[in-house]
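Heads up, the thing below is written out as structure tokens.
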Amino acid sequence: MDRHFSKFLESNWQRHHIECHYGWLPLIRELHERMLELDPKYQIQQVKEKFGVLRFYFSTQKKDSFAKMNELVSEYESKSGHMCEWCGDPAETRTENGWMRTICDDCNEHVWSNRHDIKLWKEGEARLFQKLLDKKIIDSVPE
Ligand SMILES: [Zn+2]
């Protein structure tokens with residue numbers, strides 16, 4: 001991960017503008033870079049998961065770029081429906097008890113299904129972080 005993007009993430013994360021799991025970071029990064037090309041001064045309002053897919057809210061002063069930027073955002077929101085929110089592997093959006101999420105089988109088995117068992121969940125999380133490090137999606141294990 002390059003320093004510029006790390007800094008961007010750090011500041012937006014701290015201000016709670018980004019609320020989703022790490023698997024979508026590569027998607028967010030690519031979208032952010034393409035948005036900068038259209039308007040270097042655009043602002044992120046919020047990035048989060050909703051109904052299992054990415055939601056990316058932004059503002060721009062460049063009225064002539066707005067439609068194009070909106071289109072780009074839609075494109076990436078659609079892409080997120082095929083990418084595990086936890087690890088970035090290929091995945092499909094699934095619904096369970098009315099809860100929608102885009103998660104791969106591996107993360108579903110080792111992370112999601114262990115969410116009520118703190119010990120198992122910690123193991124699943126450690127496994128996930130190792131995967132994210134191996135794929136260079138994160139530089140270090142978050143505190
Ligand atoms: Zn996954």
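The values are calculated or read from the model by the stated rules, or taken from the named source; none is laboratory data. What you see is a predicted model; the values in this text were computed from it and never measured. Positions of Cβ are backbone-derived with ideal geometry, glycine not excepted, and every protein chain shown enters the neighbour counts.
A few remarks follow.
- For the range 109-120, the criterion of being closer than 21 Å to Ile28 by Cα and either surrounded by 12 or more Cβ atoms within 10 Å (Cβ to Cβ) or not charged (D, E, K, R) (or both) is met by no residue.
- Conditions (1) more than 19 Å from Gly23 (Cα to Cα); (2) surrounded by fewer than 16 Cβ atoms within 10 Å (Cβ to Cβ): number failed by Gln46: (1)
- In the range 85-117, the residues that are in contact with a Gly (Cβ under 9 Å, 6 or more places away or on another chain) and closer than 14 Å to Lys50 by Cα: Glu85, Thr93, Arg94, Thr95, Trp99, Met100, Arg101, Thr102, Ile103
- Residue identified as hydrophobic (A, V, I, L, M, F, W, C), modelled with pLDDT under 95 and in contact with a strand residue (DSSP E or B) (Cβ under 8 Å, 6 or more places away or on another chain) among Ile103, Ile44: Ile44
- Of all the residues in the range 22-46, those that are in a loop (DSSP other than H, G, I, E, B) and in contact with a helix residue (DSSP H, G or I) (Cβ under 9 Å, 6 or more places away or on another chain) number 2.
- Taking the range 1-21 as the range and being assigned to a helix (DSSP H, G or I) and touching a helix residue (DSSP H, G or I) at 6+ places or on another chain (Cβ under 6 Å) as the test, only Phe5 passes.
- Across the range 71-110, the number of residues qualifying as more than 15 Å from the chain's Cα centre (by Cα) and within 15 Å of His32 (Cβ to Cβ) comes to 1.
- Selected residue (only one of Asp134, Asp64, Asp139 is farther than 16 Å from Gly23 by Cα and exposed (fewer than 15 other Cβ atoms within 10 Å of the Cβ)): Asp64
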